[in-house]
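Scroll down for the structure; my scribbles are underneath it.
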2 protein chains.
Amino acid sequence: MTRVAGLDYGVLDQLLGYSLRRAQVALFLAFHAATRGQHITPPRFTALVIVGANPGISQSTLGSALGIARSGAMLLTNWMVGRGLVERRRRPGDGRAWGLHLTPRGAQALGRMRAAVLAEDRRRAAKLSAAERRELMRLLEKLTG
Amino acid sequence: MTRVAGLDYGVLDQLLGYSLRRAQVALFLAFHAATRGQHITPPRFTALVIVGANPGISQSTLGSALGIARSGAMLLTNWMVGRGLVERRRRPGDGRAWGLHLTPRGAQALGRMRAAVLAEDRRRAAKLSAAERRELMRLLEKLTG
DNA sequence: TATTGTTATACTCTATAACTATA
DNA sequence: TATAGTTATAGAGTATAACAATA
C-alpha cells in the first residue's frame, strides 16, 4: 500500500483511520521481515505471546484477546499444538476448558521471535526520535483506551 | 479487539506495530458505524474516493493504490459498476485500459459517505485535543513516508 | 515483449450454527 | 440453562497463473 506517485488521495489524507491503516501496513512489513521463513503470522505471534504471559489461559479467553470467535481460537491453538509450541492441559476445577501452556520448545521459539520482532519494530520506528516514538505511543493509547 | 481486563499482553504493549493495530481496529469501528446499512467496506470506500479524485484512472493503478492484485481491482470495479456508482469508458489512446469515472449517482453517494465517514472519524478522534490529533497525524506521516 | 483486463482456481481467515460434555 | 470446546459449512478477500487483446 505504498503511496502511488501523482495520485490524489482526496479525503483519505484527512482521515485518522486511513493514516493509521497506512502506518499499520508499514509496520506489518517490519513484522514480516523479522519472521521471514517461519510460518508465523501476526495472530499466531500474538497468541504465543499471550499464552506465554498468561499460562493456563483458556481458548475462549485467547479468542477474546485476539477478537476472533472460539472456533478460530481453536484452529489457532491446533496450529500451536501441532508445532509443539503449546500444550493443552486439563484444568483441575473445570472439565470443560483447556489450560494452555507454552512447551519448553515454545518458550524458546517465542523468545527468539520476540527479540527479532521487537528489534525490527524499533528499526522501523527509527524514523522518529525516541521522544517522538514515546509521544506516538502515548497518543495511540489515549485514542484507544 | 478490546483489551481483556486482567490479561497480560507482554511484549505486545512495547510494539508500535501492535499499538497501531489496536488503534486501527478502533477507527475501523468508526468507519463501520458511519456506513451502517450500506454495503460499503474500507476498500470499496477507498476505491470510490480514489476514482472520484482521479477521473479516468485505470483498474491497474487503482489496484496499486489499494495494494491489491489486478484481478481484485477488477472485482472491486465490477461491484462499483454493478451498483451504478462508476462507469468504464474506453480510452482514446489506449485500447487496453479502461478509464474509470464516477457516475452522477456515484458522485452523490460518495459525497454522503465522505461526510459521514469524516464526521465519525473526527468524533472518535475527539479523545485527543486538536493539537494532539494534528501531532498524531504528523508522526504517522513521518513514520510512513 | 510488455501491459491491461479477464477468467479460473485455490488458499487463508473468519463467522455462524449445531453438537457434546461439563458446569 | 450456561459455558468450553469442537465440527461442519460458508463467505469474503486475496493471490497466482494463464489467456486474449492491444501496445
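The values are calculated or read from the model by the stated rules, or taken from the named source; none is laboratory data. Since the structure is predicted, the reported quantities are computational estimates derived from the model, not experimental observations. Counting neighbours? That spans all protein chains shown, and the Cβs are built from the backbone with ideal geometry, glycine included.
Data table
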read-out: Flag for B:L140 being surrounded by 15 or more Cβ atoms within 10 Å (Cβ to Cβ), within 17 Å of the chain's Cα centre (by Cα), away from every other protein chain (no Cβ under 11 Å) and of a type in the set (A, V, I, L, M); value: no
read-out: Candidate set: the stretch A:61-104, residues that are more than 7 Å from DNA strand D (Cβ to nearest atom) and assigned to a strand (DSSP E or B); chosen: the one farthest from the other protein chains (Cβ to nearest Cβ); value: A:R90
read-out: Members of the stretch B:83-105 found to be more than 12 Å from DNA strand C (Cβ to nearest atom) and exposed (fewer than 12 other Cβ atoms within 10 Å of the Cβ), listed by number; value: B:P92, B:P104
read-out: Selected residue [crowded, with 23+ Cβ neighbours inside 10 Å and of a type outside the set (V, I, T)] from A:L29, A:L12, A:L7, A:L20; value: A:L20
read-out: Odd one out for B:H32 among (1) within 15 Å of DNA strand D (Cβ to nearest atom); (2) at pLDDT 95 or above; value: (2)
read-out: Selection within the stretch A:1-18 - within 7 Å of chain B (Cβ to nearest Cβ) and either basic (K, R) or more than 15 Å from B:F45 (Cβ to Cβ) (or both); value: A:V4, A:L7, A:D8
read-out: Options A:I57, A:I68: the member that is under 30 Å from B:L143 (Cα atoms) and among the aliphatic types (A, V, I, L, M); value: A:I68
read-out: Subset of the stretch B:23-38 (residues that are touching a residue at least 24 places away in the same chain (Cβ under 8 Å) and assigned to a loop (DSSP other than H, G, I, E, B)); value: B:T35, B:Q38
read-out: The lone exception for A:A65 - which of (1) among the hydrophobic types (A, V, I, L, M, F, W, C); (2) crowded, with 20+ Cβ neighbours inside 10 Å; (3) more than 16 Å from the chain's Cα centre (by Cα) it fails; value: (3)
read-out: Complete set of residues in the stretch B:60-82 that are β-branched (V, I, T) and more than 8 Å from DNA strand C (Cβ to nearest atom); value: B:I68, B:V81
read-out: Condition met for A:R36 (loosely packed, with under 13 Cβ neighbours inside 10 Å, within 16 Å of DNA strand C (Cβ to nearest atom) and away from every other protein chain (no Cβ under 12 Å)); value: yes
read-out: Where B:R114 falls short, out of the listed (1) within 15 Å of the chain's Cα centre (by Cα); (2) within 11 Å of DNA strand D (Cβ to nearest atom); value: (2)
read-out: Count of the stretch A:39-60 residues which are within 12 Å of DNA strand D (Cβ to nearest atom), surrounded by fewer than 17 Cβ atoms within 10 Å (Cβ to Cβ) and closer than 20 Å to A:A107 by Cβ; value: 1
read-out: Candidate set: the stretch A:1-16, residues that are part of a loop (DSSP other than H, G, I, E, B) and charged (D, E, K, R); chosen: the one farthest from B:E120 (Cα to Cα); value: A:R3
read-out: Yes/no for B:A125 being at the interface with chain A (Cβ under 9 Å from one of its Cβ atoms), within 30 Å of A:S129 (Cα to Cα), assigned to a helix (DSSP H, G or I) and in contact with a Lys or Arg (Cβ under 7 Å, 6 or more places away or on another chain); value: yes
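Condition check ((1) within 11 Å of DNA strand C (Cβ to nearest atom); (2) in contact (Cβ under 8 Å) with a residue 24 or more places away in the chain) across all residues:
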{"site": "B:L48", "(1), (2)": "no, yes"}
{"site": "B:N54", "(1), (2)": "no, no"}
{"site": "B:S58", "(1), (2)": "yes, yes"}
{"site": "B:L110", "(1), (2)": "no, yes"}
{"site": "B:L139", "(1), (2)": "no, no"}
